[in-house]
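Asks: My structure is below; once you've seen it, I'll send some questions.
The values are calculated or read from the model by the stated rules, or taken from the named source; none is laboratory data. All of these numbers come straight from a predicted model, not from anything done at the bench. Virtual Cβ from ideal backbone geometry, glycine too; neighbours counted across all protein chains shown.
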């Protein structure tokens, strides 16, 4: 009996969603294909019916994860109409909630330390998705792309460090410092 129409694409999406959760939490190199497939409720043998190799999965997962992050940030900003959207996004991105929920958080800081050791194709995909995220921030904040580079670099660095340290009070201080720095970056943009 054949699978219903759309089954293969639905299964592919399940695999990508499982990979996104795994990569956000544990990185790329430490995660095996069987682990990803199990997270999708599938057996390892079915992987190659959907992807030619792990790099292809990683590349497609980056796009999925950044799209997911952008949708989340837009949703957060939509719920708080009393302040500028970019301010709401920064406050959420540099919050303890985002820090602590790595499995659904932004993939960019989760992989920043590992990405340089992966294949050229994977690095290119990461770079493309970073640029897409920076363009989203520039458009949302009505700021220059160069200001977005500074802002996003600060945000990613802050959340990466806040997740890395084992002292929650220090981590909270890093988040606060990151929010303050983001505010200064936006103020400097307004003066130019």
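Asks: Please list, ordered by residue number, the helices (runs of 4 or more DSSP H) wholly in the stretch 102-192 having 2 or more residues that are free of Cβ contacts under 8 Å to residues at least 40 places away in the same chain, under 14 Å from residue 66 (Cβ atoms) and in contact with a helix residue (DSSP H, G or I) (Cβ under 8 Å, 6 or more places away or on another chain).
Replies: Working: elements: 107-111, 120-141, 145-164, 168-191.
Of the helices (runs of 4 or more DSSP H) lying wholly inside the stretch 102-192, those with at least 2 residues that are free of Cβ contacts under 8 Å to residues at least 40 places away in the same chain, under 14 Å from residue 66 (Cβ atoms) and in contact with a helix residue (DSSP H, G or I) (Cβ under 8 Å, 6 or more places away or on another chain) span 120-141.
Asks: Give the residues of the stretch 131-159 that are more than 17 Å from residue 91 (Cα to Cα) and within 13 Å of the chain's Cα centre (by Cα), sorted by residue number.
Replies: Matches in the stretch 131-159: 131, 132.
Asks: What number goes with the only condition from (1) surrounded by 14 or more Cβ atoms within 10 Å (Cβ to Cβ); (2) free of Cβ contacts under 8 Å to residues at least 24 places away in the same chain; (3) under 17 Å from residue 23 (Cα atoms) that residue 76 does not pass?
Replies: Residue 76 satisfies all of (1) surrounded by 14 or more Cβ atoms within 10 Å (Cβ to Cβ); (2) free of Cβ contacts under 8 Å to residues at least 24 places away in the same chain; (3) under 17 Å from residue 23 (Cα atoms) except (3).
Asks: Continuing with the same structure: From the set of residues in the stretch 22-34 that are on the phi < 0 side of the Ramachandran plot and surrounded by fewer than 19 Cβ atoms within 10 Å (Cβ to Cβ), which is nearest to the chain's Cα centre (by Cα)?
Replies: Filtering the stretch 22-34 down to residues on the phi < 0 side of the Ramachandran plot leaves 22-26, 28-34.
Now restrict to residues that are surrounded by fewer than 19 Cβ atoms within 10 Å (Cβ to Cβ): 25-26, 29-30, 32-34.
Details: 25: 11, 26: 13, 29: 17, 30: 18, 32: 20, 33: 20, 34: 23 Å.
Ranking the qualifying residues of the stretch 22-34, first place goes to 25.
Asks: Restricting to the stretch 88-101, and then to whatever is without any contact (Cβ under 8 Å) to a residue 60 or more places away in the chain and surrounded by fewer than 17 Cβ atoms within 10 Å (Cβ to Cβ), can you tell me which residue is farthest from residue 53 (Cα to Cα)?
Replies: We begin by selecting, within the stretch 88-101, every residue without any contact (Cβ under 8 Å) to a residue 60 or more places away in the chain; these are 88-89, 92, 97, 100-101.
With surrounded by fewer than 17 Cβ atoms within 10 Å (Cβ to Cβ) added as a condition, the list becomes 97, 100-101.
Numbers: 97: 33, 100: 30, 101: 28 Å.
So the residue we want is 97.
Asks: Checking the structure you have, find out if any residue of the stretch 161-168 is closer than 16 Å to residue 89 by Cβ and either under 19 Å from the mean Cα position of the chain (by Cα) or modelled with pLDDT under 95 (or both). Quick ask: steps written out before the conclusion?
Replies: Step one: filter the stretch 161-168 for residues closer than 16 Å to residue 89 by Cβ, giving none.
Within the stretch 161-168, not a single residue is closer than 16 Å to residue 89 by Cβ and either under 19 Å from the mean Cα position of the chain (by Cα) or modelled with pLDDT under 95 (or both).
Asks: Follow-up question, since we're still on this one. Identify, from the list 67, 43, the residue that is farther than 23 Å from residue 175 by Cα, surrounded by fewer than 21 Cβ atoms within 10 Å (Cβ to Cβ), free of Cβ contacts under 8 Å to residues at least 60 places away in the same chain and in contact with a helix residue (DSSP H, G or I) (Cβ under 8 Å, 6 or more places away or on another chain).
Replies: Details: 67 fails: in contact with a helix residue (DSSP H, G or I) (Cβ under 8 Å, 6 or more places away or on another chain).
Answer to the selection: 43.
Asks: Kindly indicate whether any position in the stretch 37-52 is modelled with pLDDT of 95 or more and within 29 Å of residue 93 (Cα to Cα).
Replies: Checked against the condition, which is being modelled with pLDDT of 95 or more and within 29 Å of residue 93 (Cα to Cα), the stretch 37-52 yields no hits at all.
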